[in-house]
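Here's the structure we're looking at; comments come further down.
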Amino acid sequence: MIIYYSMLICPLVVYLFYRFTVGRKIKSLVYAPYASDEKLNEMFDKIPLIFCLITFGYFIFWIGMRTYIADTSQYIQSFNDISDNFQSAWESIDWNGKAPGFNVFNVFFKSFISQDYQCWLMTIAAFSGLCIMFALRKHSCNFFYSSFLFIALLTFTWMMNGMRQFITVSALFALSDWIKRGKLIPFILAVILFSTVHTTCLLMIPIYFVVRCKPWSGRIFLFLSAIILICIFAEPFFEGVDNILQDTNYSGVSQQMQVDNGVNPIRVAFYAVFPITAYIYQETLMKENDNDPYINICVNMSLVTAALYLVGMFSSGILIGRLPIYCEVYNLILIPLMLKKCFPEKQQNLVMFIATLLFFIFFYIQINGLGYISNITGYVY
């Protein structure tokens, strides 16, 4: 686990380097008569790209270098099975399958870029990681703390287990400005495009309409009511779904959902803390939203995350439990903002310390036993 712990402390190390180099120079400008307030705010809020690249570059390196972790070996096998001949590989694409877009990418990559699966894994890790990085750099009030949360909340593990789905998650997260600006058609087209990589991203179309409304409004509670009804009637609902899906590629999916134990209640309670906190301090967050409407989206995404995990607790941790990640990534932006804005200035350091300690405990419990395996580094525990 030493690799994962090094990833956890990486944002702190880079932050300290930033603070005592560039950060010190920025601070000295506060007293400079020629420095405008607008320029100072921009310099304080916008972390230089090089520090962001160093932070996420470290994450991407280890994630891209992995070999036998979770479902990575299956992905490697499928990549190796692709024919070296472009025409043969192209003809073998299953256009009616679950991921034609992903298969097209794999064929082009192996035919024209590299036949080395490690290079392929690194490229996918770089795409996903950089999408997350640019979104955090643009929207987070504390990029380094958001980067810490990316590791502490184990969001990064999606890049190693479920990487095809996380391609769609990270890409749509990078395009989240389209939700803020109301660019419905471009957003829907992007969702449709990435649904050829993982069909679950189609969930983002109805979510688009939900998260653009005012937090705690009637539309939000109507959505939550629908979630609760699904929980209450979960068993007959999935029995009906199974009857509909008989003789299709998804036959038996609902039985798997009923057999599965579902999402751990502790995880449901953990992710409920963030929307509850947002509700308690909604007046403060509404003031912040006047400056940046993106905050409303983050609050609503956090609420949807908790609701979907609640459904997963009563149904399937494998299937429905994999859906919240599309909204969960917005907590990486919401949590630092709440820690900064929702508590009195004198208490901020104490609250930040307690929250960080709790996140570390969550990380320790969840990561315990997960080793790191690579053909290059070997097995590192």
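The values are calculated or read from the model by the stated rules, or taken from the named source; none is laboratory data. All figures in this text were calculated on a predicted structure; none of them were measured in a lab. Positions of Cβ are generated from backbone atoms using ideal geometry, with glycine treated the same way; all protein chains shown enter the neighbour counts.
Quick look at the numbers
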{"item": "All positions within region 353-381 that are within 26 Å of residue 283 (Cβ to Cβ) and free of Cβ contacts under 8 Å to residues at least 24 places away in the same chain", "result": "353, 354, 355, 358"}
{"item": "Sole residue being modelled with pLDDT under 80, outside any loop (DSSP other than H, G, I, E, B) and assigned by TED's automatic domain parsing to the domain that holds residue 312, chosen from 223, 209", "result": "223"}
{"item": "Helices (runs of 4 or more DSSP H) wholly inside region 41-119 containing at least 1 residues that are closer than 20 Å to residue 11 by Cβ and polar (S, T, N, Q)", "result": "49-64"}
{"item": "Flag for residue 332 being in a helix (DSSP H, G or I), modelled with pLDDT of 95 or more, under 22 Å from the mean Cα position of the chain (by Cα) and not assigned by TED's automatic domain parsing to the domain that holds residue 280", "result": "no"}
{"item": "Selection within region 36-73 - at pLDDT 95 or above, closer than 19 Å to residue 135 by Cβ and crowded, with 18+ Cβ neighbours inside 10 Å", "result": "51, 52, 55, 56, 58, 59, 60, 63"}
